[in-house]
Amino acid sequence: MYRSSTHGWRARPFLSAVLMLAISAPVFAQNPPLAEVARKEQARRKVAKTPPKVYTNKDLPKGGAPQAPPASGAPAAPASSVTPVPADPAPPPATPGEQKDESWWRARITQAREELRRNEMFVDALQSRINGLSTDFVNRDDPYQRAKIGEDRQKALAELDRVKADVEKQKKQIADIEEEARTSGVPPGWLR
């Protein structure tokens with residue numbers, strides 16, 4: 001009796017493996033081979049009657065006020081690889097004959113606010129980079145690696161100071177645009 005229970009334990013792994021193969025075999029047999037899928041796709045492309053639409057500059061709308069890019073929830077790249085994107089130059093001041101209408105004011109304030117938003121995001125990315133470098137600096141034992149991380153941190157701190165100064169300039173620029181609009185009698189809704 002003792003002997004038969006031993007065979008039962010030895011047979012169980014074998015039986016479970018056979019059972020698993022028996023169950024999974026039909027699943028694997030149902031998938032078509034890759035070569036067959038490729039042939040079907042090639043035949044489908046030959047039969048397709050309309051070629052895909054190719055867009056050119058002629059298809060794009062002409063002129064108009066610049067549109068703000070859509071906000072994206074994409075994570076910011078590391079600060080070491082992030083370089084500030086130079087903003088488009090400010091709209092040229094209107095000549096005496098040019099009319100400063102609603103679209104002109106909206107474009108001007110939108111551009112200034114977008115530049116401010118970009119630089120504020122850059123400040124956040126730089127601060128995250130500095131925090132990471134500070135943590136890495138404390139946790140390193142190798143003096144050479146520590147010195148390299150210290151240099152990178154100092155560069156990031158200098159860049160952070162420069163970008164913070166740019167943010168303050170842009171805030172002042174937005175305040176100046178709002179004040180200019182107020183003194184020119186522009187309705188407040190034009191700057192929203």
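None of the figures in this text is laboratory data; all of them are computed from the coordinates on show. This structure is a prediction, so every number in the text was calculated from the model and none was measured. For neighbour counting, all protein chains shown are included, and Cβ atoms are generated from backbone atoms with ideal geometry for every residue, glycine included.
Can you name the residue in the range 179-192 that is part of a helix (DSSP H, G or I) and surrounded by fewer than 16 Cβ atoms within 10 Å (Cβ to Cβ) and, of all such residues, is nearest to the chain's Cα centre (by Cα)? For the range 179-192, the residue satisfying everything is 189. When 159, 168 are checked against the criterion of being in contact (Cβ under 8 Å) with a residue 60 or more places away in the chain and outside any loop (DSSP other than H, G, I, E, B), 159 stands alone in meeting it.
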